[in-house]
Amino acid sequence: MDIAKHFLFNFALLFILLFVCLVWSERSRTKRISRANATFYFVSSLLVCFSFSYEVSDGFRLDLRNIPVVIGGLYMGIGPMLSIVAIMTRCLFGIGVGFLPNLLLYGFLLVFLWKIHPWFWKQTPKNRILCAVILTTIISFTSLICISLVSPSYLRGDIWIAYMVIPPFGVGLIAYCIEFVRKHLLIHQHLVKTKKLEAVEQMGAAISHEIRNPLTAALGFVQLLQEEDLDVKKRNLYLSLVKGELESAERVIQDYLTFSKPSLHTLEKLNVSEELAHVLTILQPLTNQNSVLVNTKFSSTGYIKGDRQKFHQCFLNIIKNAIESMPSGGCLYIETAANSTLVTIHIKDSGVGMTREQIERLGEPYYSTKEAKGTGLGMMVVFSIVKAMKGTIQIESEPEKGTVFQISFPIHN
């Protein structure tokens with residue numbers, strides 16, 4: 001049973017190599033097993049089979065080369081290439097009594113696997129596994145017949161067991177693993193697609209809700225404006241209210257467009273400290289209303305390249321959220337720093353804070369920590385603008401201990 005033990009050891013190496021390739025594909029976060037990775041695995045498996053072949057006598061070797069050839073040919077359509085590699089590698093061990101049967105067998109497989117590959121993928125997963133096992137069994141039986149014709153003295157009972165049991169079992173197990181991984185990838189893709197559809201549905205519902213409210217109010221005031229005995233003062237009041245509601249709807253649409261397709265219309269050289277000071281001036285009434293004390297420490301240097309209006313929009317949202325997280329008052333710290341490559345902005349509040357789950361969901365379509373009071377559009381816009389300006393965001397927070405935003409942009413010299 002030495003040959004059977006040797007084949008089992010060889011197959012264990014093939015399975016370990018398969019596991020390494022699958023882990024590598026998972027680490028690379030590709031949506032499917034790439035053809036390059038699969039080719040590398042099957043060629044490497046062939047070389048492993050030849051390296052650990054069982055030498056019965058000088059020039060007569062037994063191995064599991066038919067496993068990678070069959071699996072690679074059926075599942076990846078690289079049967080011709082693997083057959084040529086198998087023939088050429090066999091030449092390196094010498095052209096002895098076993099070379100001619102090897103040439104005939106793998107020459108036939110070169111054509112057969114190429115022709116059968118399209119038909120193979122039309123079958124169900126169960127039938128594909130069964131087809132691979134049957135084909136391997138036929139190849140193993142054919143190899144035994146060739147051995148009996150070329151060198152009958154070498155044909156022993158343990159060779160029959162090794163060839164008729166281990167290759168079909170190995171092919172069946174590897175085929176099952178491939179089908180399992182493929183099914184897992186398909187389920188993963190389906191879940192991702194479902195999540196995207198859910199996000200689109202939530203986005204559509206939130207946009208329609210946010211736009212419907214001001215439009216409904218505007219429609220009501222338009223109906224009031226149709227009254228004939230309406231005095232001029234009320235008419236002007238209603239017109240201003242209609243204008244305000246329409247502007248509110250326009251802001252929702254603008255926020256959505258900024259998120260879905262962030263674009264920087266005008267690139268300028270921006271002094272980060274001056275622009276933040278301007279944003280704080282705009283938000284001063286809100287800080288006074290919430291009894292928030294603002295402490296700043298701005299670096300004298302630090303220029304970036306970006307869109308001034310988008311920069312203001314981004315930090316208006318962040319600082320406004322920080323202020324609103326301190327409804328009973330608190331302290332807001334804003335600091336800027338610059339080095340040779342980055343300009344970094346630290347924004348720290350002493351507000352209600354967030355859990356790790358809330359931090360991970362920030363920026364998702366229409367997710368807000370303000371519950372009914374927020375739509376989530378603001379943070380989506382923040383993430384989109386920072387990304388468009390080639391910046392990064394890091395967030396640290398703990399419930400009841402406040403939140404720290406660290407935003408970094410490439411420095412502009």
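Values in this text are rule-based calculations from the coordinates and carry no lab data. Computed from a predicted model, the values in this text were never measured in an experiment. Counting neighbours? That spans all protein chains shown, and the Cβs are built from the backbone with ideal geometry, glycine included.
Counting neighbouring Cβ atoms within 10 Å and putting the fewest first, the residues D229, D349, D158 line up as D229, D158, D349.
For E400 and E364, a Förster radius of 22 Å and the Cβ-Cβ distance give a FRET efficiency of 0.40, rounded to the nearest 0.05. Once the Cα-Cα distance is subtracted from the 0.36 nm per residue extended length, the L47 to T216 segment shows a gain of 53.6 nm. Panel order for S299, S140, S53, by other beta carbons found within 10 Å of each beta carbon, from fewest to most: S299, S53, S140.
Approximating the spin labels as points 7 Å out from Cα along Cα→Cβ, the Q309-to-E357 distance works out to 4.0 nm. Extension gain for F141 to K115 (0.36 nm times residue separation, less C-alpha to C-alpha distance): 7.2 nm.
Expressed as a fraction of 2.2 N^0.38 Å, the C-alpha radius of gyration for region 268-410 is 0.99.
Note on S340/A12: beta-carbon distance plugged into 1/(1 + (r/R0)^6) with R0 of 45 Å gives a FRET efficiency of 0.25. Between Q284 and D231, the modelled labels are 3.7 nm apart [label points 7 Å from Cα along Cα→Cβ]. Within straight-line reach of K193, meaning a Cα separation under 17 Å, sit the following aspartates and glutamates at least 8 residues removed in sequence or on another chain: E201, E364. With the simple spin-label model, which puts each label point 7 Å out from Cα in the Cβ direction, the S208 to L239 separation comes to 3.4 nm.
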